[in-house]
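**Student:** Quick one: structure below, then a few questions.
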Amino acid sequence: MDIDLLQTFQRVAALQSISKAADDLYLSVSTVTGRIKSLEEELNVELFHRAGRRFELSKDGKRFLSYVDRFISILQEGNQKVKLSKEGRTGELSVAVTPIVASYVLPRFIREFRLKYPQIGLRVVACPNYQVIEKVNNGQAELGIIYANTAEKGLSFHPWYEDEWMFVAPDRSLLQGKPVTATDLRHVPLLAYGKGHPEWDAVLRWYQLEGIRPKVIMELVHMETLKQLMKEFRAVAFLPRVSVMEEIADGTFAQVPISPGLSARSEISFAYRNNQQLSVTAHTFFEFAAHYADNLLP
């Protein structure tokens, strides 16, 4: 059954006029009349009754119209979804991310992304770096976002943004108007946010420059717990800036200037499989993230 016949039938039913439907569809009256006649012959029913100058639906016509309306609505919806999918404006995307990114970067980023692409469904899983890599490798996540670039066979990595690490303290007595040294911090409790990363090694080397052994009282892998314990123990910690921006802004924490300076930066990168072409939806997410990078660390 020709879609043109159905659309013509739908317009005649709505306008109750062959001539008005012809004008609306930019067709001749004879073409519209011919289409209605063809449809009636195919269905072997009479679709309209003539009532003066109006064409009114017959009982069979009303029944048939309900199906035509649904069919054309579904067709239009499908056409729109395919078009949006091709443009990367709809679809589903699974993303695996490290906890810091999930907690301190994604909430604001996803809010902005959803405002622009409300029809894209996201599934976000927060897990450690090695699990992010596993999920991307085995296809559970199309994209991964990891803290620190990692060499991994079969995966490609694309830098997103860099985050600076810094000494942070809840006790402003450490802010002496001049940079503090490792000697100044020798009796100050230090909380370690994990120990298996290059930034922690850099901290240890910084203390060792003055022959100081840091007073590490605890190692934690949960950032919010660490920040609470910083206040309880009046401890310092060496943390990524993105994790403490709010506390620094509201005065809860303060960045501790140190001497000599310590440069430690982590690269946050996207990870994806080499042997799999990214979906249009993933490309949309990826490109939005690239444009958004400048807003991550004001």
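**Student:** Please compute, for the alpha-carbon atoms of the range 125-243, the extent along each of the three principal axes and give them in descending order in Å.
**Tutor:** For the range 125-243, the Cα spread along each principal axis is 50, 29, 23 Å.
**Student:** What residues have an amide H closer than 5 Å to that of Ile145, excluding those fewer than 5 places away on the same chain, when H is modeled at 1.01 Å from N in the peptide plane?
**Tutor:** Hits under the 5 Å cutoff: Ala96, Val97, Thr98, Ala271.
**Student:** When the helices in the chain are scored as -39500 (n - 2.57) per DSSP H run of 4 or longer and the sum is shared across all residues, what 222 nm value do you end up with, to the nearest 500 deg cm²/dmol?
**Tutor:** -14000 deg cm²/dmol
**Student:** Run the quick spin-label model on Met1 and Glu164: label points 7 Å from Cα toward the beta carbon, then report their separation in nm to one decimal.
**Tutor:** That separation, rounded to one decimal, is 6.8 nm.
**Student:** How many angstrom lie between the C-alpha centres of the range 189-221 and the range 21-56?
**Tutor:** The range 189-221 and the range 21-56 have Cα centres separated by 83 Å.
**Student:** Turning to a different aspect of this structure: Please tell me which of these pairs span more than 22 angstrom C-alpha to C-alpha: Lys195/Lys227; Lys153/Lys195; Lys178/Lys227; Lys37/Lys62?
**Tutor:** Correct reply: Lys153/Lys195; Lys178/Lys227.
**Student:** Something else: Which angle between 0 and 90 degrees, to the nearest 10, do you get for helix 106-116 versus the longest principal axis of the chain when only C-alpha atoms count?
**Tutor:** Between helix and principal axis, roughly 20 degrees.
**Student:** Still on this structure, please answer the following. Please report the antiparallel percentage of DSSP beta bridges with both residues in the range 162-266, rounded to the nearest 5.
**Tutor:** Here the share of antiparallel DSSP bridges comes out near 50 percent.
**Student:** For Lys135, list the aspartates and glutamates whose Cα falls under 15 Å from its own Cα; do not include residues on the same chain fewer than 8 positions away.
**Tutor:** In chain and number order, the partners are Glu152.
**Student:** Going Cα to Cα from Lys215, which aspartates and glutamates come in below 14 Å? Please leave out same-chain ones fewer than 8 positions away.
**Tutor:** Qualifying aspartates and glutamates at Cα under 14 Å: Asp184.
**Student:** A further question on this structure: Debye calculation, C-alpha points only, no solvent: report log10 I(q)/I(0) for the chain at q = 0.10 Å⁻¹, in the same order as the q values.
**Tutor:** Relative scattering, expressed as log10 I(q)/I(0), comes to -0.69.
**Student:** So how tilted is helix 29-43 from the main axis of the chain? Cα-based, degrees 0 to 90, rounded to 10.
**Tutor:** The answer is roughly 90 degrees.
**Student:** For the chain, with a Gaussian network of springs between Cα atoms less than 10 Å apart, report the residue from Val45, Val221, Val256 with the top mean-square fluctuation.
**Tutor:** Val45
**Student:** Continuing with this model, one more query. Straight-line reach only, C-alpha to C-alpha below 12 angstrom: list the aspartates and glutamates that Lys59 could link to, leaving out same-chain residues fewer than 8 apart.
**Tutor:** The qualifying aspartates and glutamates are Glu46.
**Student:** May I pose another question? Given a 10 angstrom Cα cut-off, can you work out which residue in Ala141, Ala96, Ala264 is the most mobile in a GNM of the chain?
**Tutor:** Ala264
**Student:** Starting with the fewest neighbours, write out Asp2, Asp250 ranked by other beta-carbon atoms found within 10 Å of each beta-carbon.
**Tutor:** Fewest to most other Cβ atoms nearby, the residues stand as Asp250, Asp2.
Read-outs throughout are calculated quantities, based only on the coordinates presented, and are distinct from any laboratory measurement. Because the structure is predicted, anything quoted here is derived from the model rather than measured. Here Cβ is always computed from backbone atoms with ideal geometry, including for glycine, and neighbour counts include all displayed protein chains.
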